[in-house]
Amino acid sequence: MSALKLKKGVSKHSAYDLRDPNADVDEPHTLAVIVDNEPGVLARVIGLFSGRGYNIDSLTVAEVDHTGHTSRITIVTRGTPSVIEQIKAQLGRIVPVHEVHDLTVEGPAVERELALFKVAGQGDKRIEALRLAEIFRANVVDSTLESFVFEMTGTPGKIDAFAELMRPLGLSEVARTGVAALSRGAV
Amino acid sequence: MAQTMTGAKMVVQALKDQGVEVVFGYPGGAVLPIYDEIFQQNDIRHILVRHEQAAVHSAEGYARSTGKPGVVLVTSGPGATNAVTGLTDALMDSIPLVVLTGQVPTFMIGTDGFQEADTVGITRPCTKHNWLVKDTANLAGTIHEAFHVATSGRPGPVLIDIPKDVQFASSKYVEPRKTVTSHYQPRMKGDIELITQLVDAMESAERPVFYTGGGVINSGDAASQLLRELVDATGFPITSTLMGLGAYPASGKGWLGMLGMHGLYEANMAMHGCDLMINIGARFDDRITGRVADFSPKSLKAHIDIDPSSINKIIHVDLPIVGDVAHVLEDLLRVWKSRGRKTNKEGLAKWWKKIDDWKAVSCLTYRNSDTVIKPQYALQRLEELTKGMDRYITTEVGQHQMWAAQFLTFDEPKRWMTSGGLGTMGYGFPASIGVQLAHPESLVINVAGEASWLMNMQEMGTATQYRLPVKQFILNNERLGMVRQWQQLLHGERYSHSWSESLPDFVKLAEAFGAKGILCTDPKDLDDAIMEMIKYDGPVIFDCLVEKHENCFPMIPSGSPHNEMLLGDANATNAIGAKGAVMV
C-alpha cells in the first residue's frame, strides 16, 4: 500500500467546484472572453474551437471598450467538465485574450438574446400571433397586411418557446443575435 | 531622439537591437527592400538556405542549441507556405522563433496578386501568435513584441507579415525599451501551497519517479541545474521524454533512460508502478502514455508546467502546479530542505531494488552480426568514439531517431535536437546546419535515415557554401524503416511503398556538392570510417549500409499500457489489436 499522506484526487481547485472532473456528461457553459480588438482575433478563437473539435452553440462579439479597444466574445459551448476546463485554458493561452470567465460556474448570471421573427398570415392566425406576442412582450417592428416582424429579447429558452408557438401561425424567418451574458451583482 | 527610417531598415535595426546575430532566409520579390538593407551592413549574418522549410528547421537547430530565438526571413506566397511545416514543428516542440515574411503591398492584399497568400490566415494555427503590419509606424514595436511573445512563457514560433509598401515607407524607429509591452506576461511562480503538498508527498513516497520533458530545457540552464540537485539530493529515479534528454545527465545515478513507446523497459515499468509521479515540463504525449485508461494507475500525480492548457489535458493530475520549471524547482528545493530533507529511505531502497531487476532485463539487447552492420551497433560505436567530445546531435525521424535516443547519451542540455511532437522527416539536416553555425568549433552530427535525409538534401549546398563541417551519419537500410516495421506488425507484412528505390550514390552525391562521401558496409571497417568522418574538416555524408529488416525495440504497441512492452521480434506478431491499429 502507498504510504502517501496525500489522497488521490485531492486538488485545491475542487474546494468550490464540486463537479466530477471525470464525468462524461456534456453540459452547456457560457464563457465571456475579453480580447484585444485586433484583426484576426475572432478567427483565432473560432479556429481554436474548430481545430480542437469543440462545439459552439452560440457566439456574439462586439467592441465593448472603444478607448481600450477591447471586445467581449460571449460563447455558449458544451462539453464534459474536463473539456470545458481545457477550452478555458486554451482560450487563455491566446496572446490577445485578456480574461476568460465561465459565467456558468462563477455565480449567477443573466443571459439574454435578441431575436426577430417574421410571421406571415391572415385572419384568425394573424390575431392569434399578435395576442401571443403581447403575452411574450414582443414588439412589432414591421407590419404589412399579410405579415408582422416581431422583436423579442429573452433567454434562449423563451425565444425557442415563442418560435414554436409562431410556427403554425405562419413563421417564415427567424434572426437571432446569440447570447449576451453578464454576471449578476456588483462585480 | 527617435530616428526616422524606412520599414526595411527598421527590420534590420530591430533585429540588431534584439541581439540577433544570424538570420536564415531566402530572398524574393516581396522582401527585396529588407535584403537590400542586409546587403549594406555587417552586424547580422544572413545564411542563404536552399528551401524555406530548411530555413525554419535551421533556425530551430540554432534556437535549441543556444537557448536564443531563431530568426527567419522569407518572401511572400510560396516562401511563407514553405515555412509552414517548420512553424508547426516549432509550435509542437515549443521552440522560440521569429519568422519574417514579405507580403504584397497593402493596396494589393486580397486581389490574388502574384505570390500573394493569406499568410497570417494560413499560419494562425501553427504559430503562437502572428501579425500583419499595415503601417510602418507600428513595425519596430511589433518586432520587439514578437521577440517578447516568442521567448516568454511557453516558447513558440511567431510570424510577422510585412507588405512591401510598409518596407519602403518611412517612420520613426521605436527602441525595444520604449516599446509598450503587452499584457502577455505568463505566470512564473508556482502556487506555494501546492508545492508544499508536493513536498509532503515526496517525504512519504515509497515509489517516486521524476518524469521530465523539454520544458526543463526551455526553462533555461538554471532549471537543469536545479533538477540535478533535486534528483541527486532525494535519490529518486528519473526518466525523461525524447525532448528532455540531457537536462539530467545520462551518467547520473538516478537516470533510468528515456520512457515512452520506444523507451527503456525500466523507465516505463517505473512509470507504471510508481506511487508518486512528478512530471516536470512534459505534457503526457500519446507516445508517452500508451493506453490512457491504464496509465500509471496507482500513482499520485504532480504536474509542473508553465502552460495551464497542458495540465489535465490528457491525464488528470492531483497537484497541478502552473509556473516556470526553474522558479518552481527553486521553491520546491527550498521547502524540502527547510523541512529537513526527508525521504522514505526504506521504501526507496526497495523501489531501487525493483528497478534494478527491471534493468537486468537489458531491454536494449540486440543480436549483433559479423557481416552486416546493425544500426544499433553503428550508434554504439558512434557513441563510444565521440563520447567525450564537444558534441551536438540532431536527428531525422524514424527508427534511427529512436535508436539514437536509446544508444547515445547526453550529459548536458541543448545537445540533442530532434523533431518530437510533429515528427518531421527532413528536420535533422537543416537543424544540424543551424547548430553548427551557433557552435562553429563543435562536432555536429545528424543521425539520419536515408529516406528522411533525402527530404532536405538540397541543403548540401548551404553546408558547402558556408563550410559547415556537419556530419550526415545516414543509417541506410533502403527502407522507410519505421513504416516497414509497422507494416510488419500491423498490415500482414505487405510493405506498401516503404522501400527507397533509385537511391543516389551518396558518395558521388557528396562529391557533386564539393563535400566528402564515405561508404561503410562492413562492421570491421566501421570504427575507422567514423574516425575518418570526425577528422575531416568539412561536411561529410556517411553512407552506413545497415541491416535492412531490423526492428526497433523495446516497443509499447499502440493502444497498450506501459507494462505490456514488446522486447523483441519473438513476441511481436499480432501484438497490436484493432483498437491500437487506428492509433498512429
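Computed on the Cα trace of the stretch B:302-347, the radius of gyration divided by the Kirkwood hydrodynamic radius gives Rg/Rh = 1.08. With Rh defined as the Kirkwood radius, the inverse of the mean 1/r over Cα pairs, the Rg/Rh of chain A is 1.10. If you plug the beta carbon distance of B:Asp112 and A:Asp142 into 1/(1 + (r/R0)^6) with R0 = 45 Å, you get a FRET efficiency near 0.65. Mean projected area of the Cα convex hull of the stretch B:255-313, taken over all directions, amounts to 4.0 nm².
Of all aspartates and glutamates in the structure, those lying under 14 Å Cα to Cα from B:Lys350, and not within fewer than 8 positions of it along the same chain, are B:Glu206, B:Asp275. With K and R counted +1 and D and E -1, the other residues having a Cβ less than 15 Å from that of B:Met108 yield a net charge of -3.
Residues of the stretch B:276-302 that bury at least 40 Å² of accessible area when the other protein chains are present, relative to the chain alone (probe 1.4 Å, heavy atoms, ligands and nucleic acids excluded): B:Leu300. Here the spin labels are modelled as points 7 Å beyond Cα on the Cα-Cβ line, and at A:Leu132 and A:Asp24 they lie 4.0 nm apart.
Chain B and chain A together bury an accessible surface of about 2500 square angstrom, both sides counted, with a 1.4 Å probe and no ligands or nucleic acids included.
Using a probe radius of 1.4 angstrom, the carbon and sulfur fraction of the accessible surface of chain B is 52%. Once backbone amide H atoms are built at 1.01 Å from N, A:Gly178 has A:Leu114 as its partners under 5 Å, excluding neighbours fewer than 5 places away on the same chain. Near B:Ser94, within a Cβ-to-Cβ distance under 15 Å, what is the net charge of the other residues, with Lys and Arg +1 and Asp and Glu -1? Every neighbour counted, the sum reads +1. The length gained on full extension between B:Ser500 and B:Thr4, counted as 0.36 nm times the residue separation minus their Cα-Cα distance, comes to 173.0 nm. Once you treat every alpha carbon in the stretch B:4-178 as an equal point and sum by Debye, what is log10 I(q)/I(0) at q = 0.13, 0.15, 0.20 Å⁻¹? Taking Cα atoms of the stretch B:4-178 as identical point scatterers yields -0.53, -0.73, -1.40.
Computed from the Cβ-Cβ distance with R0 of 45 Å, the FRET efficiency linking A:Ser50 to B:Glu383 stands at 0.50.
Just checking the listed ones, A:Thr77, A:Thr144, A:Thr60: in the Gaussian network model of chain A with Cα springs under 10 Å, the one fluctuating most is A:Thr144. Calculated FRET efficiency, B:Glu511 to B:Ala250, Cβ-Cβ distance, R0 = 35 Å: about 0.45 to the nearest 0.05. Across every pair of non-identical alpha carbons in the stretch B:1-53, the mean reciprocal distance, once inverted, gives a Kirkwood radius of 11.8 Å. A loss of 50 Å² or more of accessible area (1.4 Å probe, protein heavy atoms, ligands and nucleic acids excluded) relative to the isolated chain is seen in these residues of the stretch B:81-129: B:Arg124, B:His129. Do the alpha carbons of any pairs in B:Lys298/B:Lys414; B:Lys16/B:Lys471; B:Lys16/B:Lys414; B:Lys387/B:Lys524; B:Lys387/B:Lys535; B:Lys301/B:Lys354 sit beyond 26 Å of each other, and which pairs? Result: B:Lys298/B:Lys414; B:Lys16/B:Lys471 exceed 26 Å.
Normalised size of the protein assembly as shown, defined as Cα radius of gyration per 2.2 N^0.38 Å with N residues, equals 1.07.
Summarised as an ellipsoid, chain B has semi-axes of 39, 32, 21 Å, derived from the eigenvalues of the Cα gyration tensor scaled by 5 and square-rooted, with the largest first.
If you take all other residues with their beta carbon under 15 Å from the beta carbon of A:Glu134, and give Lys and Arg +1 and Asp and Glu -1, the sum is +2. Accessible surface area normalised per residue over chain A is 56 Å², counting heavy atoms of protein chains with a 1.4 Å rolling probe. Using a probe of 1.4 Å on the protein chains alone, the accessible area found for A:Glu111 is around 50 Å².
The values are calculated or read from the model by the stated rules, or taken from the named source; none is laboratory data. Just so you know, these numbers come straight off a predicted model, no measurement behind them. Reconstructed Cβ throughout: ideal geometry from the backbone, glycine too, with neighbour counts over all protein chains shown. What goes into the accessible areas is simple: the full protein's heavy atoms, side chains included, and nothing from ligands, DNA or RNA. Shrake-Rupley method; radii C 1.70, N 1.55, O 1.52, S 1.80 Å.
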